[in-house]
Structures are given as structure tokens and as C-alpha cells.
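The structure appears right after this line, and notes come after that.
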Amino acid sequence: MRKLLCITAHPDDEAGAFGGTLLLYHERGVQTSVICMTEGTAARNRGTAKTNEELAALRRAEFAQSCKVLGVSHGEVLSYLDSKLDRADLYQAVGDLVLRIRRIRPQVIVTFGPDGGLTGHLDHAMAGVFGTMAFEWAGRKDRYPEQLQDGLTPHQAQKLYYHASDFLLPDRPPISQPTITTRLEIGAERFEQKDHAFRQHTTQTPLFERVRKNLGDALGTMEMFHLAATKTPQQAKLETDLFEGVVDD
Ligand SMILES: [Zn+2]
């Protein structure tokens, strides 16, 4: 069974940053999972929520709806503090992701690079940093050995990708993006479906038109990635498929 794991920072990243890719691979019979590090309670747009607890509950429900639209098999929201991922404990955060990687056992992992994706959001960057260390450490029996019981074993995924793009958004902090190695054509229908998934995040309604414009004008029906690491050493080359060269285990 082919499996793709996507590691994000906020409910709505799965749609805005990775929606077309998640849809595409779901349609190809790949089992897709999303682990989101925070409940997104630092959001400016809060819907009807009066407290952080209410907003967390709303955003968890919206995330579940979005995952349904995207055909995601397993979606999970962790409880790290929104907009404070750079202050989170690295050993604990990586350990939480290592545990999920050892359970889910994906061949391919996608996340943000240390630039923080198009918005340069620090939480995106940190989700990528934690995800990168988890990709490396999940396969090592000397890392988090206390997890290795009741049949759980180390798991080394085969490929790690960072979100990438060939343009910058105006009025954002300066970022230096990972180079593009992989372009996925998601098609016009999946673009609409991805937009539909984003619109499940109704607390974020004020962002809908801007996100659609940012994604649609510049990215269109393309999603881009940087192949950051591989289990089998290889020379960089341009790809059109995240599972290119993946060996069935
Ligand atoms: Zn985000």
C-alpha cells in the first residue's frame, strides 16, 4: 500500500498548501494522512468563537471536513501552541511526529521547508524543521527507543519533500525558497476541489478570496516541491511524481 504523510502547522494548510497533491494521490489509490501541529487558535479570524477553546473545537471540525473533501484517510490535529512553534520543545515535537511516522509508515513525506512556505509563517517553517528531524529519526532504533514496544518498529520513509513555488507573495517577510525539483499538474477540477476544501474552514472566511487569488493567479493548477532527502542516494533531477522511484515495501 502506497502512503503519503503531510505534516502541517495550522488547520487550512492541508488545503491551501497541499490540497491538490493530497487529492491527486488519493485518486491514484495512495493512502493519505495529515498531521497538523496546532489548533490554529492564534488566528485573527475567529468565527463565532469567544474563547480559544471554542475556536480550537471549530477549527478541528473544519479540518475534519476539509480532510473529507480531500479524501484524506487519517487527519490528526496536535495541540502545540499556535504562533509559538518556534518555542516548542524540539525533542518532544519531533518525538510526537516520529511516533506517527512509525505508526502510519509512509513511503513519502511532504511538509514545509525552513522558509515557511509562501507566507513565510514561522509555524510553517518549524513544522518543516520538526518534520525533517522526524523523517530522519523515525528510522533509527537509537531515537525514542521507548516507543519501540507492542510491535512498533523504526520506519525509514523513502522521500522527503518541501513545499516550493516559483514566485513570491508581495508584502510578506523576505524568504529564500527551496529549489523546485518536482512539478505536479493538479488540473482545473482539482484546483476547484482544493478551493472547496479551503472553504470548509469557515472561521477563515475573510481570507477566502485572497487565498484563491494568490493560489489561482500565480500557482494555477500547479503544485511544486523540493526533494530534500531520499533513502537511496540519488542525483537531483526534475520529477513530475512524488512516488517516482519509490519501492513497494
Ligand atoms: Zn498556516
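Things to note:
- Test result for His26, open to solvent by 40 Å² or more (accessible area, probe 1.4 Å) and under 19 Å from His163 (Cα atoms): yes
- The set of residues in the range 127-141 being open to solvent by 40 Å² or more (accessible area, probe 1.4 Å) and assigned to a helix (DSSP H, G or I) consists of Val129, Met133, Glu136, Trp137.
- Test: residue in the range 83-106 that is more than 16 Å from the ligand (Cβ to nearest atom), farther than 18 Å from Tyr144 by Cβ and open to solvent by 10 Å² or more (accessible area, probe 1.4 Å): yes
- Glu14 crowded, with 17+ Cβ neighbours inside 10 Å, within 15 Å of the ligand (Cβ to nearest atom), over 15 Å from the mean Cα position of the chain (by Cα) and part of a helix (DSSP H, G or I): no
- Members of the range 17-64 that are outside any helix (DSSP H, G or I) and under 27 Å from Ala188 (Cα atoms): Ala17, Phe18, Arg28, Gly29, Val30, Gln31, Thr32, Ser33, Val34, Ile35, Cys36
- Identity of the residue in the range 63-82, open to solvent by 40 Å² or more (accessible area, probe 1.4 Å) and among the aliphatic types (A, V, I, L, M), that ends up nearest to Gly16 (Cα to Cα): Ala64
- Figure legend. Inter-residue proximity from the range 153-180: first residues at pLDDT 95 or above and among the charged types (D, E, K, R), second residues open to solvent by less than 30 Å² (accessible area, probe 1.4 Å) and assigned to a loop (DSSP other than H, G, I, E, B), beta-carbon distance below 9 Å, spacing 6+ or different chains. Indicated pairs: Lys159/Gln107; Lys159/Leu242; Lys159/Phe243; Lys159/Val246.
- Of all the numbered requirements in (1) at pLDDT 95 or above; (2) within 15 Å of the ligand (Cβ to nearest atom); (3) under 26 Å from Ala164 (Cα atoms), Ala43 misses one, and that requirement is (1).
- For the range 113-120, the criterion of a residue being over 21 Å from Met222 (Cα atoms) and open to solvent by less than 70 Å² (accessible area, probe 1.4 Å) is satisfied by no position.
The values are calculated or read from the model by the stated rules, or taken from the named source; none is laboratory data. The structure presented is a predicted model; accordingly, all values stated were derived computationally and were not measured. So basically every Cβ, Gly included, is an ideal-geometry build from the backbone, and we count neighbours across all protein chains shown. These accessible areas exclude ligands, DNA and RNA; they are computed on the full protein's heavy atoms, side chains included. Shrake-Rupley method; radii C 1.70, N 1.55, O 1.52, S 1.80 Å.
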